[in-house]
1. Going through the range 12-31 one residue at a time, which ones are crowded, with 19+ Cβ neighbours inside 10 Å, closer than 20 Å to Ile172 by Cα and touching a strand residue (DSSP E or B) at 6+ places or on another chain (Cβ under 6 Å)?
2. Among Leu83, Leu45, Leu117, Leu108, which is touching a helix residue (DSSP H, G or I) at 6+ places or on another chain (Cβ under 8 Å), of a type in the set (A, V, I, L, M, F, W, C) and part of a helix (DSSP H, G or I)?
3. Could you check how many residues of the range 270-289 are of a type in the set (Ser, Thr, Tyr) and modelled with pLDDT under 95?
4. Looking at the range 12-38, which of the residues that are assigned to a strand (DSSP E or B) and in contact with a Lys or Arg (Cβ under 8 Å, 6 or more places away or on another chain) is farthest from Pro301 (Cα to Cα)?
5. How many residues are exposed (fewer than 13 other Cβ atoms within 10 Å of the Cβ) and in contact with a Phe, Trp or Tyr (Cβ under 6 Å, 6 or more places away or on another chain) if we restrict to the range 120-173?
6. Those residues that are within 23 Å of Lys271 (Cβ to Cβ) and either loosely packed, with under 15 Cβ neighbours inside 10 Å or at pLDDT below 95 (or both), I need them from the range 193-235; list them, please.
7. Six or more apart or on different chains, Cβ atoms under 6 Å: show the pairs whose first residue is in the range 198-216 and on the phi > 0 side of the Ramachandran plot and whose second is modelled with pLDDT of 95 or more and surrounded by 14 or more Cβ atoms within 10 Å (Cβ to Cβ).
8. If the Cβ limit is 8 Å and pairs must be 6+ apart or interchain, which residue in the range 149-165 that is more than 18 Å from Asn132 (Cβ to Cβ) pairs with which residue that is in a loop (DSSP other than H, G, I, E, B)?
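The values are calculated or read from the model by the stated rules, or taken from the named source; none is laboratory data. Keep in mind that what you see is a predicted model, and the values were worked out from it rather than measured. Here the Cβ positions follow ideal geometry from the backbone for every residue, glycine too, while neighbour counts run over all protein chains shown.
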Amino acid sequence: MTSPRTQRLRVPASTSNVGPGFDAFSIALDLFLEVAWKPAEKTTLVRKGILEESPLRLSQDPIIRGMRRAEILAGKALPSGALTVKADVAPGRGLGLSGAGLVAGLMLGNRLCGSLLKDSELLTEAIDLEGNPENAVGSMLGGAHWSLGAKDEPWIHYPVPLHRNLRFLLVIPPYAMTTKRSREALPTSVSFQRAMRQAHRPPILLEGLRSLNPEFIKRGIADDLHVAPRLKLMTGAKAMLDFAYEAGALGATLSGAGSALLVLSRTGEVKNLEARLATRVRRLWGDSGSVVIARAHAHGPKFLRS
């Protein structure tokens with residue numbers, strides 16, 4: 001049997017929810033998770049750079065979980081190998097690294113097992129492993145999508161058009177936020193009035209993202225259900241969102257479950273807004289926080305030349 005070749009794979013991270021799109025809406029970003037694999041006597045995983053702070057054991061890592069699911073689906077044994085992983089963003093910041101890792105693992109495992117599975121099958125498996133569609137969809141499909149699915153029904157992933165001058169600023173604090181903790185902060189029931197207000201917002205937000213209408217973005221990105229209780233868990237986050245609007249942001253909210261904050265801007269205004277946010281970040285968190293400019297990334301995973 002021919003020994004498998006070294007592989008390198010790059011998968012986009014993503015921002016999700018974007019206000020009212022809870023567990024449904026995602027936007028792939030030009031921030032990436034990169035995985036390298038080479039044959040070895042046993043399977044190992046080394047995290048580089050900012051990923052070194054991850055506390056996950058090998059068996060818990062989403063890349064390993066994805067590879068092992070691909071192995072089961074393909075009905076073939078994975079070759080052992082040494083994995084090296086790096087990323088443009090830290091884990092636990094609400095930027096979809098878990099979803100990106102699952103997609104990377106499924107794609108890589110499928111290739112190492114002979115590419116027997118379709119991408120659509122791998123996406124369904126990534127959603128099942130993640131428990132929610134949005135980040136897995138962003139990483140697998142690229143672009144922006146609103147997803148709808150229910151038990152025993154196929155998923156619908158609706159492509160959402162974004163204005164070409166839309167840019168994102170990610171305000172990244174020095175602390176992580178686990179999905180488990182952020183979900184525990186959510187209300188278990190809401191009034192009819194709050195649910196009704198929430199239902200009004202998605203089409204306004206989506207039109208704002210398409211047309212770059214500032215009033216539509218600001219009013220559409222507001223959230224009545226999950227943002228406020230989560231902000232209470234994050235030091236300085238509410239004040240930072242308020243400041244972003246004062247500084248000229250089109251919209252501001254949590255990125256995913258946090259802890260990063262998502263700030264929307266026009267291309268021509270993003271540098272000035274970045275400078276003002278960076279000054280505020282240094283005042284609040286010193287050199288431990290950061291502000292990153294990103295744009296939507298149109299493509300999903302890509303195997304790179306080794």
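1. Of everything in the range 12-31, those that are crowded, with 19+ Cβ neighbours inside 10 Å, closer than 20 Å to Ile172 by Cα and touching a strand residue (DSSP E or B) at 6+ places or on another chain (Cβ under 6 Å) turn out to be Pro12, Ala13, Ser14, Thr15, Ser16, Val18, Gly19, Ser26, Ile27, Ala28, Leu29, Leu31.
2. Values: Leu83 fails: part of a helix (DSSP H, G or I); Leu45 fails: part of a helix (DSSP H, G or I); Leu117 fails: part of a helix (DSSP H, G or I).
Checking each option against the conditions leaves just Leu108.
3. Initial filter on the range 270-289 (of a type in the set (Ser, Thr, Tyr)): 279, 288.
If we keep only those that are modelled with pLDDT under 95 as well, we get 288.
Within the range 270-289, residues that are of a type in the set (Ser, Thr, Tyr) and modelled with pLDDT under 95 number 1.
4. First pass over the range 12-38, keeping only residues assigned to a strand (DSSP E or B): 12-17, 21-38.
If we keep only those that are in contact with a Lys or Arg (Cβ under 8 Å, 6 or more places away or on another chain) too, we end up with 29-30, 32-37.
On the way: Leu29: 12, Asp30: 12, Phe32: 10, Leu33: 10, Glu34: 10, Val35: 11, Ala36: 13, Trp37: 15 Å.
If we take residues in the range 12-38 being assigned to a strand (DSSP E or B) and in contact with a Lys or Arg (Cβ under 8 Å, 6 or more places away or on another chain), then Trp37 is farthest from Pro301 (Cα to Cα).
5. Count: 1.
6. Step one: of the range 193-235, the residues within 23 Å of Lys271 (Cβ to Cβ) are 208-209, 211-214, 217-218, 221.
Scanning the range 193-235 gives a single hit, Ser211.
7. If the second residue must be modelled with pLDDT of 95 or more and surrounded by 14 or more Cβ atoms within 10 Å (Cβ to Cβ), the pairs left are Leu212/His163.
8. Cβ pairs passing all conditions: Pro159/Gly143; Leu162/Gly143; His163/Leu212; Asn165/Leu212.
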